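The values are calculated or read from the model by the stated rules, or taken from the named source; none is laboratory data. Only a predicted model underlies this, so the values are computations on that prediction, with no experimental measurement involved. FYI the Cβ positions are ideal-geometry reconstructions off the backbone, even for glycines, and counts take in every protein chain you see.
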Amino acid sequence: MTGKKVSLGDIARGALHAAPEYLHGNTRGLLNFATLRSTSKRSIGRVYEHWARQAPNRIGLCFEGRSWTYREFNGWVNRIAASFAAHGVKSGDVVAILMENRPTALACVVAATKLGAIAGMLNHNQRGDVLAHSIGLVKPRLLVLSAECLEALQTTPWVPEQTRSLAFLWHGGDAQTAAPAGWTDLDRDAGRRSSLNPSCCAQIVASQPCYYIFTSGTTGLPKASVMTHYRWLSSMGGLGNAALRIRASDVFYCCLPLYHNNALTVSLSCTLSAGATFALDRKFSASRFWDRIRLYDATAFAYIGELLRYLLNKPETPRDRHHHVRLITGNGLRPEIWEAFEKRFGISRIYEFYGASESNIAFVNAFGVSQTAGFTPMSFAIVAFDNDREEAVRDAQGFMRKVKHGGIGLLLSEVTSKRPFDGYTDPEAGNRKLLHGVFKPGDCWFNTGDLVRDQGLRHIQFVDRVGDTFRWKGENVATGEVEGVLARIANVEQGAVYGVTVPGCDGRAGMAALTLSQGAEFDGAALARTLTEALPAYAVPVFLRLRKQAATTGTFKYRKVELKQEGFNIARAAEPLYVLVDRGRGYEKLTQKLYRQINDGKLRL
């Protein structure tokens, strides 16, 4: 991790290089951003209605050879909104959406928001207790599902035969499968509804919630963070208009899942900032990525850091620069691959940003400085952090101290009336993220849970997550969720889960320290099958460590500090280690040969 500091020269060079982009600003969009208030009668639905009036024949959405103008898409959304309303959905209700990326999923999100309702963006990778918890957390009035996700829903009690109070709408998927018993066919029902804008859309204020994004917490079960129209509109104006300066002629490619904020908030709001074209794809594929970019003739896309590393790890080809992408935005781009990505693919405008679903602050690399998460005018502090205790340091008076320029510490953002903390659906979970009396009695700050480097001139560089949640494959992994699955496996007496650094990889790979029942034998293949069936692929531990006895604190919490420090280092861990190289073979002994291959980057996990 580089200790780069930001200078005025860096900012001047970046701004000069970006000058041509700034000449194409959307003046109206910037004005809207400057005048945005939480009480403003502005919303996602109103933005779509604006472009349906101002640019009715401009392509607003394209997907796998099909395209919709803004007028066509807005009319489709209105019919779905009318269908939702006919099933009892009103302002403040929740519409749970369980679909893979497809235009219908996006249309359902916008339709719900037009009614003042809240779209619950369910993660289609979840199963069983975790998915059931997510659905129960948001208390939906209606659930809309696409056929490819039926199997996931059937692992929960949230099905028509068991939940009579919930309305269920069905989308047949690619095969246009007929709606099963207990389901209402969405396309058929919406097709007979009005395409006029619902009158209630004009009454929605920016402070109202628009959708829930699920984020993993230290409890091991997902939390639903509240996203408001105000935050979405702030992204549209601050990122789309002010920083990226999106043009009407741009095609913004999105292959990230719609339940991820980088898709629904960042990518979509930036596109709508200029009435550009949103090119939606089903999922990310490293081998097909640039072919898809060329197919859509994309000029921009959003990323998560690991996505760019996957692209960089693919063999070089003569066509690496055969595209029209002029800018990208996202978070998690590691400094060590920043310049290599720029040079290989010829993309010099990288708008790295920092933000979180539940956070009230955002940084963006608006000045085009290399290797930074960017700048913010908002009130923040980077305070000293005790890595062993995993908590901020307080002095004898109980106050925290800021780190010096270049130092690494815990990022806090001040909670004010202008920058409120919207929190989670669970108020208690939200309160745990707030710190009081940080610098003076009575102040209130949001604990981001992130370690960052102070680069100077109000710029930061992301360093790592703290606590029991880590990121792997671009997704948050809650250790408690994985530990809960391990606890239900026969012959596993105790299991402590944590993240470990792997050379050449972003984030941290999952590792589990297991204690087996007395007399039990370790079966790596069976354990891998069980974990793979119960968890999303990114949450399955990559490494295992077998222990005779688990180390716990006086309050019976797992002691993970030493485990994290030793990682999967054969020389430091004096216990059997295993690695999951091939899911078919299961966990196999971590040999010196495998260890060297992983550390040399010759074996990708």
Checklist line | Count of the range 485-510 residues which are farther than 30 Å from S370 by Cα, surrounded by fewer than 19 Cβ atoms within 10 Å (Cβ to Cβ) and among the small types (G, A, S) | finding: 2
Next item on the list: Considering each residue of the range 87-114, count those that are small (G, A, S), in contact with a strand residue (DSSP E or B) (Cβ under 8 Å, 6 or more places away or on another chain) and surrounded by fewer than 21 Cβ atoms within 10 Å (Cβ to Cβ), and give that number.
Entry: 2
Note to self: Kindly evaluate F252 against the criterion of being within 24 Å of L307 (Cα to Cα), in contact with a Pro (Cβ under 6 Å, 6 or more places away or on another chain) and crowded, with 23+ Cβ neighbours inside 10 Å.
What the structure shows: no
Margin query: Please determine whether any residue of the range 414-421 is in a loop (DSSP other than H, G, I, E, B), in contact with an Asp or Glu (Cβ under 8 Å, 6 or more places away or on another chain) and among the small types (G, A, S).
Written below: no
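Consider the range 147-171. How many of its residues are of a type outside the set (K, R) and more than 19 Å from N125 (Cα to Cα)?
Within the range 147-171, the first condition is being of a type outside the set (K, R), and the residues that meet it are 147-163, 165-171.
So of that shortlist, the ones also more than 19 Å from N125 (Cα to Cα) come out as 160-163, 165-169.
Counting residues in the range 147-171 that are of a type outside the set (K, R) and more than 19 Å from N125 (Cα to Cα) gives 9.
If I go through the range 477-498 residue by residue, how many of them are assigned to a helix (DSSP H, G or I) and in contact (Cβ under 8 Å) with a residue 60 or more places away in the chain? Steps first, answer last, please.
Taking the range 477-498 as the starting set, the residues that turn out to be assigned to a helix (DSSP H, G or I) are 479-487.
Restricting the remaining residues to those that are in contact (Cβ under 8 Å) with a residue 60 or more places away in the chain gives 479-484.
Qualifying residue count, the range 477-498: 6.
Could you tell me whether L169 is in a loop (DSSP other than H, G, I, E, B), within 29 Å of R71 (Cβ to Cβ), modelled with pLDDT of 95 or more and aliphatic (A, V, I, L, M)?
On the way: in a loop (DSSP other than H, G, I, E, B): no; within 29 Å of R71 (Cβ to Cβ): yes; modelled with pLDDT of 95 or more: yes; aliphatic (A, V, I, L, M): yes.
Criteria not met by L169.
Out of curiosity, is G467 within 19 Å of the chain's Cα centre (by Cα), farther than 22 Å from S38 by Cα and not in a strand (DSSP E or B)?
Criteria met by G467.
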Next item on the list: State which residue is modelled with the highest pLDDT when the search covers only the range 372-388 and only residues that are surrounded by fewer than 21 Cβ atoms within 10 Å (Cβ to Cβ) and of a type in the set (S, T, N, Q).
Entry: S379
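Checking the conditions here, which among R326, R349 is in contact with a strand residue (DSSP E or B) (Cβ under 8 Å, 6 or more places away or on another chain), crowded, with 19+ Cβ neighbours inside 10 Å, among the basic types (K, R) and in the same structural domain as F289 (by TED's automatic domain parsing)? So that I can check it myself, show each step before the final result.
Numbers: R326 fails: crowded, with 19+ Cβ neighbours inside 10 Å.
From the options R326, R349, the qualifying one is R349.
Could you pull out the residue among A276, A242 that is crowded, with 20+ Cβ neighbours inside 10 Å and either assigned by TED's automatic domain parsing to the domain that holds V47 or within 22 Å of A119 (Cα to Cα) (or both)? Even if it seems obvious, please write down each step before you answer.
Details: A242 fails: crowded, with 20+ Cβ neighbours inside 10 Å.
The match here is A276.
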Notebook entry, point to check: Among the residues of the range 340-364 satisfying the criterion of being without any contact (Cβ under 8 Å) to a residue 40 or more places away in the chain and assigned to a loop (DSSP other than H, G, I, E, B), which is nearest to the chain's Cα centre (by Cα)?
Noted result: I347
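Which members of the range 156-205 meet the condition of being among the acidic types (D, E) and surrounded by 14 or more Cβ atoms within 10 Å (Cβ to Cβ)? Let's see the steps before the verdict.
First pass over the range 156-205, keeping only residues among the acidic types (D, E): 161, 174, 185, 187, 189.
Passing the criteria: D185, D187, D189.
Going by what's in this entry, would V477 be described as of a type in the set (V, I, T) and either in the same structural domain as G409 (by TED's automatic domain parsing) or surrounded by fewer than 20 Cβ atoms within 10 Å (Cβ to Cβ) (or both)? Explain how you work it out, then say what you get.
Numbers: of a type in the set (V, I, T): yes; either in the same structural domain as G409 (by TED's automatic domain parsing) or surrounded by fewer than 20 Cβ atoms within 10 Å (Cβ to Cβ) (or both): no.
Against the criterion (of a type in the set (V, I, T) and either in the same structural domain as G409 (by TED's automatic domain parsing) or surrounded by fewer than 20 Cβ atoms within 10 Å (Cβ to Cβ) (or both)), V477 does not qualify.
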Notebook entry, point to check: Here are G128, G65: which of them is modelled with pLDDT under 95 and farther than 23 Å from K223 by Cβ?
Noted result: G65
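Each row is one residue, and each column tells you yes or no for (1) of a type outside the set (S, T, N, Q); (2) out of contact with any Asp or Glu (no Cβ under 7 Å at 6 or more places or on another chain); (3) within 26 Å of G406 (Cα to Cα).
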position	(1), (2), (3)
R294	yes, yes, no
E306	yes, no, yes
F341	yes, yes, yes
R344	yes, no, no
G368	yes, yes, yes
A373	yes, no, yes
P377	yes, yes, yes
Item checked: Residue match in the range 202-211 (condition: within 30 Å of V497 (Cβ to Cβ) and either touching a residue at least 60 places away in the same chain (Cβ under 8 Å) or not small (G, A, S) (or both)) -> yes
Margin query: For the range 31-86: of the residues being surrounded by 17 or more Cβ atoms within 10 Å (Cβ to Cβ) and of a type in the set (D, E, K, R), which is farthest from L169 (Cα to Cα)?
Written below: R42
